Amino acid sequence: MSRHLDIPDRRRKILEWVAMTLFVLTALIFVTNQQQQPDVTYATQVSDDRAAAADPRPEMPTYEQIAAEYGDQRFVVLPGGYAVMDEPLVSEWMDKAGASQVLVLPAVHPDDQLTIDAPSDVVVVAGTHVTYDGYATSAASFEEVRASMGARDVTSSVIALLAHAADEPDPDGLRPMVTREPSPEEAAAVVADLQDDGIAFLGGVEPFERPDTNAFTQEPLYVVAPSPAPGEAAVDYSAVVADAFPGRPVVSMTGLWIDYRSEEIEAIEPAIAASFYGQFEERLSKYAYSQETVLRVSLDRVEQFRASGMFDREMPYVAPDPLNITLPILPWICAGLAAVMLALALAPRTSSTPRSAPAMPRPLARRFAGLSDLAVEVNALVTEDARPAFVRASRALVEARDSLEEPSTTSEDVEALLERAESDLDEVAEITHRPGYRPAISLEGGESCPAGGAVSASTPPSSG
């Protein structure tokens, strides 16, 4: 025996509209997000919006123009060029390598490309980036990076390229950045400056807003200084500031070199420096980035190291993206909704009209019909005194009829209602002094009932 889905039309319509609406919404969400690109970050990019908004930059002169202006000078420094070197030592190696000139150029703007048509026997230094005869070099130690980024000294890089061209072993031409302790007056001035806003700018560097960072548990203190003049030592304020502000991290920046003094990262500071300068050394040496930009990117790198768990610190909580979680199951939801709509479309439709009342058992049907007919006859004879009893009898007959529509109604329930109706009609006959209309007498003759053994409930008279 086959079974089918039997749903009333009104409920079917509601289900169809709900399924169709959900199907359209899930399909739109799925389709519109198919072009979503994965959020993958391979490296932090250095950017300097302030530099991009600067005044128009002068064009770099050609080598012919430089030669016409400076002639055969061995060391030529163009306006804006800031790299320094040990010129007597470099001259010795120039003779060995056959180099004719060292050309020191300013750093290139991040939006520009360095193009200089210098001869192959000319050493070109753009910013602190050194090239010679098509070759370039990079620092091999922290001291070299510190000297290049902090003191702008490129002696080691220039000699390394010249030694390679002369096919000789690379000598130790490193001149490390020399530092000294601050004088009492210098220390007092910096400590007083830090008490105001936690950042001190020295030597005429361009000030900027104090960086907002989560790299440390406590707010760090910043000392920003320019690169020292050639032959001078850089002033190291980290120890003095740490003593004046116990427990506070100290960030010292000299030129583009950044030192961190904090117990939180003391063990891992070399790894942070290697990660940051190993990635950005070439770009920082060639292009003109502000100290603010470099400091903010370096602090981001420290924060990345902290979040990686290297300091026994839990990873920061990142709330899951509901869209990325639900996208894989959206096609299955669409398929399920389509199956629901198909099932509703194929299901046979049922009539919304109410079912006919179930048939009464034969004895009850005869009794109900007789009492209903008696109530119709008595209706015209009811006096005001008998009206309440007649209303109760009519109501009992109506309830008996309506109870047949309830599946839980039993014959005993119907019989109890008919007993009430008969009692009330007997009271009506007694009040109106018409004994012939008493149910016991009126129904004695046996009211006929339709053939078939059972009758449907007829309509009782109105009680009005």
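The values are calculated or read from the model by the stated rules, or taken from the named source; none is laboratory data. Since the model is a prediction, treat every value here as computed from it, not as a measurement. All Cβ positions, even for glycine, are placed from backbone atoms using ideal geometry, and neighbour counts span all protein chains on display. We work out accessible area using only protein heavy atoms, side chains counted, and drop any ligands, DNA or RNA first. Shrake-Rupley method; radii C 1.70, N 1.55, O 1.52, S 1.80 Å.
Worth pointing out:
- Near pairs, Cβ below 7 angstrom, 6+ apart or cross-chain, from segment 277-290 (within 16 Å of Gly80 (Cα to Cα)) to any residue that is polar (S, T, N, Q) and open to solvent by less than 20 Å² (accessible area, probe 1.4 Å): Ser285/Thr128; Ser285/Ser148
- Where Ala347 falls short, out of the listed (1) exposed (fewer than 10 other Cβ atoms within 10 Å of the Cβ); (2) at pLDDT below 75: (1)
- Restricting segment 227-275 to residues that are surrounded by 19 or more Cβ atoms within 10 Å (Cβ to Cβ), among the aliphatic types (A, V, I, L, M) and assigned to a loop (DSSP other than H, G, I, E, B), the residue that is modelled with the lowest pLDDT: Ile265
- On the stretch given as segment 379-389, residues that are part of a helix (DSSP H, G or I) and either acidic (Asp, Glu) or modelled with pLDDT of 85 or more (or both) total 2.
- Among the residues making up segment 393-438, those that are buried (at least 22 other Cβ atoms within 10 Å of the Cβ) and more than 17 Å from Ala365 (Cα to Cα) are Asp424, Leu425, Val428, Ala429.
- Residue check, Ala215 without any contact (Cβ under 8 Å) to a residue 60 or more places away in the chain and aliphatic (A, V, I, L, M): no
- Subset tally (residues that are within 33 Å of the chain's Cα centre (by Cα), of a type in the set (Phe, Trp, Tyr) and at pLDDT 90 or above) for segment 192-221: 1
- Only listed residue being closer than 24 Å to Ser275 by Cα and either at pLDDT 90 or above or hydrophobic (A, V, I, L, M, F, W, C) (or both), chosen from Ala68, Ala126, Ala97: Ala126
- Filter result (crowded, with 17+ Cβ neighbours inside 10 Å and in a loop (DSSP other than H, G, I, E, B)) within segment 214-226: Ala215, Phe216, Pro220, Pro226
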